[in-house]
1. If residue 150 satisfies all but one of (1) modelled with pLDDT of 95 or more; (2) of a type in the set (Gly, Ala, Ser); (3) in a loop (DSSP other than H, G, I, E, B), what's the number of the condition it fails?
2. Can you pull out every residue in region 91-108 that is without any contact (Cβ under 8 Å) to a residue 40 or more places away in the chain and touching a Leu at 6+ places or on another chain (Cβ under 9 Å)?
3. Those residues that are assigned to a helix (DSSP H, G or I) and over 17 Å from the mean Cα position of the chain (by Cα), I need them from region 9-26; list them, please.
4. Restricting to region 27-59, give me the number of residues that are closer than 20 Å to residue 102 by Cβ and assigned to a loop (DSSP other than H, G, I, E, B).
5. Out of the residues in region 69-92 that are closer than 20 Å to residue 104 by Cα and buried (at least 21 other Cβ atoms within 10 Å of the Cβ), which is nearest to the chain's Cα centre (by Cα)?
6. For region 25-49, which residues satisfy the criterion of being of a type in the set (A, V, I, L, M, F, W, C) and in contact with a Phe, Trp or Tyr (Cβ under 8 Å, 6 or more places away or on another chain)?
7. Out of the residues in region 118-149 meeting the condition of being touching a Leu at 6+ places or on another chain (Cβ under 8 Å) and without any contact (Cβ under 8 Å) to a residue 60 or more places away in the chain, tell me which one is surrounded by the fewest Cβ atoms within 10 Å (Cβ to Cβ).
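The values are calculated or read from the model by the stated rules, or taken from the named source; none is laboratory data. Since this is a predicted model, take the numbers as computed values, not measurements. Because the Cβ atoms are built from the backbone with ideal geometry, glycine has one as well, and the counts that use them run over all protein chains shown.
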Amino acid sequence: MFPVPYNDAQRLKSLESYKILDTPTEEAFDHLTRLARAEFGTPFTMLSLVDSTRQWCKSRQGFDAVETPRDMAFCSHTILSDEPLVILDATRDARFRCSPLVCHKPGIRFYAGAPLINREGLRLGSFCVMDTEACAGFPLEEVRELQDFAHFAMQLIEMRRPVEHMSLPTPEREHPAKGTFEPSLVFLTPKDRHWPH
């Protein structure tokens, strides 16, 4: 069984209003996940949305499956909080060590995901990076970078929302980072964060 946010019914209704689930890939989203893979130096990046039974990927790099059951998804835990979820070694985490995604292919060890928070303050999914090797550490600077990627991804999703469902953001719902994330300015230097051999 997967964890469920207290406002999951409201969250699912909001997610449905975007009419984005099961849509074809789009270059704007793929461009963002490619940038993130280069920036963080991880083999997998994903922009996923969590519906009632599954995690569905709007964009993914290095990950074969377009969807996974919600009870297997790391992102099911990411949407429980506004703060990013960082798992340095999934084999040492009781929540994930028995997951097929950890025990079998692709053998995920490291996961970091930031929730996709819409204008209503609802967490629709996550923007995440993953690796098959455990991570020695994920500094606050990189956590903030990941939040910026998630924030920009959510802006792209908001742009495609049908007009009748749009609402103006309130100050308390604004992303805490100042300014607008500009993906063309990302300094693409893969980071070595693996445990030393």
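1. Residue 150 satisfies every listed condition except (3).
2. Across region 91-108, the qualifying residue is only 107.
3. 9, 10, 13, 14, 16, 17
4. 2
5. 75
6. 32, 35, 36, 44, 46, 47, 49
7. So, considering only residues that are touching a Leu at 6+ places or on another chain (Cβ under 8 Å) and without any contact (Cβ under 8 Å) to a residue 60 or more places away in the chain, the one surrounded by the fewest Cβ atoms within 10 Å (Cβ to Cβ) is 137.
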